[in-house]
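Trainee: Before anything else, here's the structure in question.
What follows is calculated from the coordinates using simple rules that are stated; it is not laboratory data. Everything quoted here is computed from the prediction, not taken from an experiment. Virtual Cβ from ideal backbone geometry, glycine too; neighbours counted across all protein chains shown.
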Amino acid sequence: MTIYTVIDRLHPRRVVRVPGDGIAATVSAWLAELEAQSPLVDDLARAVAASNWPRAYALANTLSVSVEIATVA
């Protein structure tokens, strides 16, 4: 199982490690705190799952987050 590090670039100390299926929920929760939502969150999770890193980085940038591979088991 691959674990990803997700960083909230609006709050740099906010960093979590989650499996791929936790990316969308994490980013959605952070957006909800700002009273925002975005369909791009699911697109981001799909791009990461497909290892489409150019798309994942572009979407993450739009959402003000970073997603990196933390560990692969």
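Trainee: Place a point 7 Å from the Cα of Glu33 along the Cα-to-Cβ direction; which residues of the range 41-57 have their backbone N under 11 Å from it?
Mentor: Hits in the range 41-57 for Glu33 at 11 Å: none.
Trainee: Restricting to Cα pairs below 8 Å that are 6+ residues apart, what does the relative contact order work out to for the chain? Please round to a whole percent. Show your work: numbers first, answer last.
Mentor: Working: 100 pairs, mean separation 32.2, N = 73.
For the chain, the relative contact order is 44 percent.
Trainee: Considering only DSSP states other than H, G, I, E and B, which GluC sites (Glu not before Pro) in the chain qualify as loop sites with at most 16 other Cβ atoms within 10 Å?
Mentor: Details: sites: Glu33, Glu35, Glu68; in loops: Glu35.
Answer in residue order: Glu35.
Trainee: Here's something else I'd like to know. Give me the net charge for the shell around Leu44: Cβ to Cβ below 15 angstrom, other residues only, Lys and Arg +1, Asp and Glu -1. If you can, show how the numbers build up before the last one.
Mentor: Values: positive: Arg9, Arg46, Arg55; negative: Asp8, Asp21, Asp42, Asp43, Glu68.
Every neighbour counted, the sum reads -2.
Trainee: Still on this structure, please answer the following. Of Val27, Val72, Leu44, which is farthest on the positive side of the dipole of the chain, counting Cα position, with +1 on Lys and Arg Cβ, -1 on Asp and Glu Cβ, and the Cα centre as origin?
Mentor: Val72
Trainee: Something else about it: Mind pulling up the Rg/Rh value for the chain? Radius of gyration and Kirkwood radius, both on Cα. It would help to have the intermediate numbers written out before the result.
Mentor: Numbers: Rg = 11.1 Å, Rh = 11.9 Å.
Across the chain, the Cα-based Rg/Rh ratio is 0.93.
Trainee: Would you mind checking the range 19-37 for residues with the amide N under 17 Å from a putative spin-label position 7 Å along Cα→C-beta of Ser51?
Mentor: Output list for this probe position: 20-21.
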